[in-house]
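Please read the structure below before turning to the comments.
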Amino acid sequence: MLMKTTKLPRSECLNCGHPLDRATHVDGARRAKPGDVTLCIRCSHIMIFTEDMSFRNPTDEELTEIAADADVMRAAVALARMREEMPYEDDDKSDLSRWLTANRLGRPQ
Ligand SMILES: [Zn+2]
């Protein structure tokens with residue numbers, strides 16, 4: 001499977017402050033774009049990409065939608081599994097430490 005990674009302007013996780021500058025889609029074949037759901041690789045905090053590809057917290061309405069989205073739940077499980085296999089280390093300077101899994105919110109366009 002070809003993994004497409006989207007390079008992002010560097011932002012920090014809104015919850016834990018971890019620097020994030022890349023996103024990898026759970027399906028591996030799509031690039032992250034505004035409106036997509038993303039999970040912090042470190043704390044799994046759920047955020048939404050803004051127009052300039054920084055983050056904002058989801059609204060209550062969006063959270064309800066996200067909770068019902070099988071793709072997002074799949075991403076959360078994949079992230080948890082990845083963390084088990086490759087425990088996150090704070091001093092890890094590899095690109096991998098900054099990856100997050102991105103996900104579409106809503107329907108494909
Ligand atoms: Zn975080």
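What follows draws every value from the coordinates through simple rules; no lab data is involved. No experiment lies behind these values; they were computed from the predicted model shown.
Taking only Cα atoms of region 1-76, what ratio of Rg to Rh do you get with Rh as the Kirkwood inverse-distance radius?
Working: Rg = 11.7 Å, Rh = 12.6 Å.
Ratio of gyration radius to Kirkwood radius: 0.93.
Taking amide H atoms as placed 1.01 Å from N in the peptide plane, the amide H of Phe55 lies under 5 Å from those of Thr50, each 5 or more residues away in sequence or on another chain. Fully extending the segment from Arg31 to Glu51, taken as 0.36 nm per residue of separation minus the present Cα-Cα distance, adds 5.8 nm.
Backbone phi angles across region 35-45, fed through the Karplus curve with coefficients 6.51, -1.76 and 1.60 (θ = phi - 60°), yield HN-Hα couplings of x, 5, 8, 9, 10, 5, 5, 8, 10, 6, 4 Hz in residue order; Gly and Pro are listed as x.
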